[in-house]
Amino acid sequence: MSRVAVVTGGTRGIGEAISVALKNAGYKVAANYAGNDERAKQCAEKHGITCFKWDVADYDQCVKGIAEVVAKLGPVDVLVNNAGITRDATLKKQTRKQWDEVVDTNLGGCFNMCKAVWDGMLDRGFGRIVNIGSINGQAGQYGQVNYAAAKSGIHGFTKALAQEGAPKGITVNAIAPGYIDTDMVAAVPPNVLEKIVARIPVGRLGKADEIARGVLFLVADDAGFLTGSTMSINGGQHMY
Ligand code: NDP
């Protein structure tokens, strides 16, 4: 029996690599995305992955989206909360809108998605949840009070929910990626990026596949004793 996995933001970047790795490992994968239909189409055609469009910041859309996944693929065994955005600005310049968008998507999205799958996982006595945090949630980052707060929140959320899931066969873990070569990092000005790479002991940006490798480890059926942890995959940039 194939397990069903939902990957939010699963159509490009780190999420696409996670969707592909899960599919190659035999999971039935539902890749969620927000609005980039072209990239979702490419993901579906290239990898044969079923894509579903909804906004993880919207509670009702998450509940409806999961119902659609269940109807098409079956009950959800694995949830990877990967969808995330940045709206960088120093506190002096940051608007309340930029704060709300990042917190509602990156942290609120985890709540919405976990709520949508939790009862089913409890009923079946099995679940694997992986939340994608960030090195910047662990260490902070200039110009990212919204993003660092949301990602730091993910790490607390993970540890609290892990305690609720532990006696019920549900594990909840986080991955804190360092700087990974995706569209999100391509948006960082080259002079800033150069300085960031100089601080990574491995001497390069990470690859999306290197995060996917961690997800596969955490969601395995025989990883039931591993819960409430944060796996840092960051080329040695921040040793926590
Ligand atoms: P990308 O910007 O490359 O991709 C983001 C994905 O999330 C897209 O599929 C996008 O959909 C989706 N998404 C964004 N907002 C929503 C939403 N409201 N609802 C549903 N889906 C949404 O990001 P990365 O691959 O770089 O990052 C993935 C995760 O890893 C994020 O949580 C990020 O914060 C985290 N991370 C990334 C790092 C990096 O260096 N890249 C470092 C540390 C953490 P669409 O295509 O429709 O826009």
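Would you mention how many residues in region 123-181 are of a type in the set (A, V, I, L, M), within 21 Å of Phe225 (Cβ to Cβ) and touching a residue at least 60 places away in the same chain (Cβ under 8 Å)?
Residues meeting the conditions: 4.
Is it the case, given these coordinates, that Asp100 is without any contact (Cβ under 8 Å) to a residue 12 or more places away in the chain, on the phi < 0 side of the Ramachandran plot and within 19 Å of the chain's Cα centre (by Cα)?
Considered against the rule, which asks whether it is without any contact (Cβ under 8 Å) to a residue 12 or more places away in the chain, on the phi < 0 side of the Ramachandran plot and within 19 Å of the chain's Cα centre (by Cα), Asp100 comes out as yes.
So which residues in region 36-60 are part of a helix (DSSP H, G or I), in contact with a helix residue (DSSP H, G or I) (Cβ under 7 Å, 6 or more places away or on another chain) and either over 17 Å from Cys110 (Cα atoms) or acidic (Asp, Glu) (or both), if there are any at all?
The answer is Cys43, His47.
For the condition touching a helix residue (DSSP H, G or I) at 6+ places or on another chain (Cβ under 7 Å), of a type in the set (Lys, Arg) and within 20 Å of Asp123 (Cβ to Cβ), what is the one hit in Lys28, Lys72?
It is Lys28.
Considering only residues of region 68-96 that are farther than 21 Å from Ala150 by Cβ and free of Cβ contacts under 8 Å to residues at least 24 places away in the same chain, which is surrounded by the most Cβ atoms within 10 Å (Cβ to Cβ)?
For region 68-96, the residue satisfying everything is Glu68.
Within region 117-137, can you find the residues that are more than 14 Å from the chain's Cα centre (by Cα) and within 17 Å of Ala160 (Cα to Cα)?
Hits for region 117-137 are Val117, Trp118, Asp119, Met121, Leu122, Gly127.
Out of region 203-225, which residues are in contact (Cβ under 8 Å) with a residue 24 or more places away in the chain and part of a helix (DSSP H, G or I)?
Correct list: Ala208, Asp209, Glu210, Ile211, Ala212, Arg213, Gly214, Val215, Leu216, Leu218, Val219.
Please go through region 61-76 and give me each residue that is part of a helix (DSSP H, G or I) and of a type in the set (A, V, I, L, M), ordered by number.
Val63, Ile66, Ala67, Val69, Val70, Ala71, Leu73
Of these, Cys62, Cys110, which one is under 20 Å from Asp37 (Cα atoms) and either surrounded by 17 or more Cβ atoms within 10 Å (Cβ to Cβ) or more than 16 Å from the chain's Cα centre (by Cα) (or both)?
Sole residue among the options that is under 20 Å from Asp37 (Cα atoms) and either surrounded by 17 or more Cβ atoms within 10 Å (Cβ to Cβ) or more than 16 Å from the chain's Cα centre (by Cα) (or both): Cys62.
Throughout, read-outs are computed from the coordinates displayed, never taken from laboratory work. In this text the structure is predicted, and so the values were computed from the model without any measurement. In this analysis, Cβ positions are derived from the backbone assuming ideal geometry, glycine residues included, and neighbour counts consider all displayed protein chains.
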